[in-house]
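Here's the structure we're looking at; comments come further down.
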Amino acid sequence: MAHVKLALRMLFKTPFVTGVAILSLALGIGANAAIFSIFDDVLLRPLPVIEPSRLVNLGAPGPKPGSQTCGNAGNCDSVFSYPMFRDLEKVQTAFTGIAAHFAFGANLAYKGQTVSGEGVMVSGSYFPVLGVQAALGRLLGPGDDRAPGESPVVVLSHAYWQSRFASDPAVLNQPMVVNGRTLTIVGVAPRGFEGTTMGIEPQVFVPITLREWMSPGFKGFENRRSYWPYLFARLKPGVSIEQARASIGPQYHNIINVVEAPLQNGMSPKTLARFKDKPITLEPGAKGQSSMIGEARVPLLLLFGVTAFVLAIACANVANLLLARSAARAGEMAVRLSLGASRRQLITQLLVESCLLAAMGGVAGLLVARWTLDLFASLLPTDLMKSMDTGIDGTVVLFSAALALGTGVLFGLFPALHSTRPDLASALKGQSGQPSGARAAARFRSSLATAQIALSMALLVLAGLFTKSLINVSRVDLGVKIDNVITFGVSPELNGYTPERSKQLFVSLEEQLGALPGANGVTASTIPLLGGDNWGNSVSVQGFQQAPDTSNNSSVNEVGPGYFRTLGVPLVSGREFTPADADESPKVVIVNEAFAKKFGLGRDAVGKRMAADSSPGAKLDHEIVGLAKNAKYSEVKDEVPPVYFFPYRQDPKLGSMIFYVRTSLDPNLFLANIPKVVAKLDSNLPVEGLRTMPQQIRENVFLDRMISVLSAGFSILATLLAAVGLYGVLAYTVSQRTREIGLRMALGADAARVRRMILRQVAIMTLIAGIVGLGAAVALGRFAGSLLYKLQGYDPVVLAGSAVALTIVALGAGFIPAMRASRIEPMTALRYE
C-alpha cells in the first residue's frame, strides 16, 4: 500500500505527463478491447451447451446434382439430403446422436398480432444432442419428428418469450400461428441459447418434419437430390474426431455407392466417379455452424493486428515519457540508493507507478472500447447487428485488465532498470555532464520512435489499400439506377395465403403503391436485387448443345411488369413485360447479355425458345421476348451471372415478393407511406426489410465499409500517436543537447544549420522506419489480399502516397523542436556548466 500511495503522489506531481500517458494507453487498450469483444463473440465463445468441445459439424463436399438450398449456417458443401440424414442416424456408431436443422423466415401470430421473424426447423435429436434443458415446459424430442406433419408443436426462444409474452408461464399449451399454421407452444428454450447459427436470432423452434407447412410447395423429404439440412453431432465419450471420421466415412460411402449412385442419370463417368468418391467431413463444432465464422476470421485477425500495432505505439510513447521523467529523477534515485534503499525496492516502486498508470489507462480504455463498439455496430447490417453481442462483458473487462497489467510491465521495465543503475557519482553531479547510460537511453528512445513510425507506415498503407478498394467497389457499374428507389418485402404465404390469393394481393399492392403521390414506378421480384440471395436451375436453350459436364445452369428471377424500366435497366432488343403476361398468356422470358453469351444466342436472342428444365426432350415452351443489358444480381462485387427473367404473374405457386418503388420525393420521407398501404390491404401482414436501395447496397458491401472505416480510423490514431512520440523524443533530445547546440552556435553555426541538423535526424529515422514499414505493409497487404477488390496488396500508388503522408507528418513533428533548437542563445546554454 505504501508503494501505491507514493506512486499516486509521484504521478499527480506531473499531471500533464500523466494525462498524456493515460490518454495514449486508453486509446490503445480501448481499441484492442473493442476488437477482442467482437473476436470473442464471433470466433472464440462456444455455444452455451454442455461440453461444446465434443460437438462436430458434418459436411458433404463434392457433386450435388439436383437442388441445393444453402443459408447462414454454411455453404453448399455443408448441406445433406434429408434421406441421407436419416440413413446416417441409423448406421453411425461414433456419436451419441446426429442432429439436423434448417433456418426459415417466420410470420408469427399470437392473439391477432402478427410480426415477421426467424425460426429454425430442428430434428428431434437437436436439443438432446446439444444437452440443453428447457427453461419452461419441454423441448422438442425424438417423438416430435417421426413423420411429416405429425407433431404441430413449437418451442419459443427465451428472449422472444420475454419480449413478446412478458415471461408469462401461462403460454404453455397455448395456440400460436407460425406461417399460417396453428401450433401448440410446448416449451421455452434456456436463457442465452439462440440456436447454433451465428447471424440468426430465432424466435421459434419447430420440428423439421413441418417443413412442408413452413415452406409451402416443398416436397423434398424423400428426394435424395434435394440438399438442404445442416448436420452436427456429439462425439461419444473417449472418441476423438479422427476416430469418428474413420468410423462414419465407410458408412457414408456405402450409402452413396449402394443407394444414391444408381439414381444419378445423365452423369458422365468422370463425374460419377467423383460422386462415388466424395468424402464426408467432420470439423470442430463448439462454435456451432455459421458461414460468418469463416468469412470473419481474416478481417478480425487483421483488425486485431492493427489494434495491436496501435497499442505498441501507445506503449512506446509512455515508455519515452517515463524515460524522460526518470532522467529528471536520476538524482532522487541516487540519493535513495546512497541512503540504503535496494535496487529491487526502487524497481518495484517504479513498476507500481507504471502499472498504476496502465490501470488508469485500462479503465479509460473501457470507455474508448464502448465508443469503438458503437461505431462497429453502426457499420453492421440491421439483421446482423441484432444477432451479435457488441457489449462489454466480464471477459472483455478481464482481457482489458490483463492487457493493462502486461503493458504496465512492458513499458515500465526498461525505464525502471535504467533509472536505478547504481552509478551514484555521475548521477549526483547534476547537470555538469550527462549521467552514465544517457546515450543508451537516447538510443532506446530513438529506436522506439523509429519503430512507431514504421508501424504507422504499415497501418497507413493498409488503410490506403482498403480505402482504395472501397472506392473501387463504389465505382462498380451496377447496371441499375438505385437513386430514389425504395424496397421492401411481404410474405403472405407465411400468413396462410393460397398462391392465388397471394397473387391477387401483389397485383393490388402494385396498383395501390402506383397511385401514391410521388410514385413514378412500381415493380416487384421474387429475388431481392443485390440482397445476397441466389436462385438458379439448369435450362435448355434452342440451339445450345448439351453435353456431359457442360454447365447449363442459369440464375433466375420472377419479376413484375415494368421491372426493367423502373430500375433503369436498358433493353438491347425486344420488349418489357406487361400486365398481359399472366396465367393464360403464352409463356415468355427476358434474358440478359451474359445469358445470351453463355448459350450462344448473341444479339439474336429475341424469338428463340427455352425451357426451365434440362432433362432430355424438355419442351422449349418459353419464348425469349427481350434481351436486357447486364445488371448486378446478388452481390455488388460478383460478376454478372447469366440470368433469365419471367413474369411472376405466370407462376402458379407465388408466396412472397420484393417490391420496388421509384419516387420523385425524398425516399426517407416516402418510406412512411409503405406500411400504411400494406395495412390497408391486410393489417396482419408484416412489412419486411423496408429500406432505400442505396441502404441495401451499403449493407451488401458492409464488410468493405467496416474494414475501411476501422482501419482508416486506427491508422490515423496510430500516426498521431507516433507523431506525438517523435515530437517528445526530439523535444527531449534538444533539451538534453542544449549545451552542445549552444557551443555549436558560439563557434559559428547559424540557425538554419541547427534546424537542418535536427531535421536530418528526423529524415534518417523516417527513412529507416519507412523501409521497415513498407516491408511490413507488403506482408499485411498479401494477408489482406482476399479482402481487396480489384487491387493488389502492393499497390504502388498507395505505397507512395503513404510514404509521402508519413514524411510530411514526421517532418511536421520535428519542425517545432528544430525551431526551438535554432533559437538557443549560446550564453544561456553555456550556463549549464
Response to the item:
Partner lysines whose C-alpha sits under 22 Å from that of LYS790, ignoring same-chain residues fewer than 8 away, are LYS468, LYS632, LYS637
Worksheet item: What trypsin sites (Lys or Arg not before Pro) in the range 443-529 are in a loop by DSSP, with at most 11 other Cβ atoms within 10 Å of the Cβ?
Response: ARG475
Fill in: All lysines inside 29 Å of LYS90 as judged from Cα atoms, apart from same-chain residues fewer than 8 positions distant
LYS64, LYS219, LYS236, LYS276, LYS278, LYS287
Fill in: the chain - charge dipole about Cα centre, Lys and Arg +1 at Cβ, Asp and Glu -1, debye rounded to 20
3440 debye
Worksheet item: What are the residues whose amide H is under 5 Å from the amide H of VAL687, where those residues sit 5 or more places off or on another chain and H is modelled from the backbone?
Response: none
Worksheet entry | Percentage of interatomic Cα-Cα distances in the chain larger than 42 Å | 48 percent
Worksheet item: Based on DSSP H assignment, which helices of the chain show an axial Cα extent of at least 27 Å together with a mean Kyte-Doolittle hydropathy greater than or equal to 0.5?
Response: 15-39, 291-328, 343-379, 394-419, 438-474, 702-736, 751-783, 796-822
Discussion item. Kirkwood Rh over alpha-carbon pairs of the range 78-186, then Stokes-Einstein at 20 °C and 1.002 mPa s: what D in µm² s⁻¹, rounded to an integer?
Written reply: 141 µm²/s
Fill in: Amide hydrogen neighbours beyond the local backbone of LEU183, cut-off 5 Å, H modeled
MET176, VAL177, VAL178
Discussion item. Over the chain, what is the relative contact order in percent, taking alpha-carbon pairs closer than 8 angstrom and at least six residues apart?
Written reply: 16 percent
Fill in: Per residue value of the accessible surface for the chain (all protein chains in place, 1.4 Å probe), Å²
43 Å²
Worksheet item: In deg cm²/dmol and to the nearest 500, what is the mean residue ellipticity at 222 nm of the chain if only DSSP H runs of at least 4 residues count, each as -39500 (n - 2.57), divided by the residue total?
Response: -16000 deg cm²/dmol
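Taking all protein chains in place and a 1.4 Å probe, what share, in percent, of the accessible surface of the range 597-711 do carbon and sulfur account for?
The value for the range 597-711 is 51 percent carbon and sulfur by accessible area.
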Practice prompt. Leaving ligands, DNA and RNA out of it, report the carbon-plus-sulfur percent of the accessible area of the range 1-151 at a 1.4 Å probe.
Written response: 59 percent
Worksheet, complete the sentence: By the rule of another cysteine's Cβ lying under 4.7 Å, the cysteines of the chain that fail to get a partner are CYS315, CYS355
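The values are calculated or read from the model by the stated rules, or taken from the named source; none is laboratory data. Note that this is a predicted model, so its numbers are computed, not measured. Cβ atoms come from the backbone with ideal geometry, glycine included; neighbour counts cover every protein chain shown. Side chains are part of the model used for accessible areas, which takes the heavy atoms of the whole protein and leaves out ligands, DNA and RNA. Shrake-Rupley method; radii C 1.70, N 1.55, O 1.52, S 1.80 Å.
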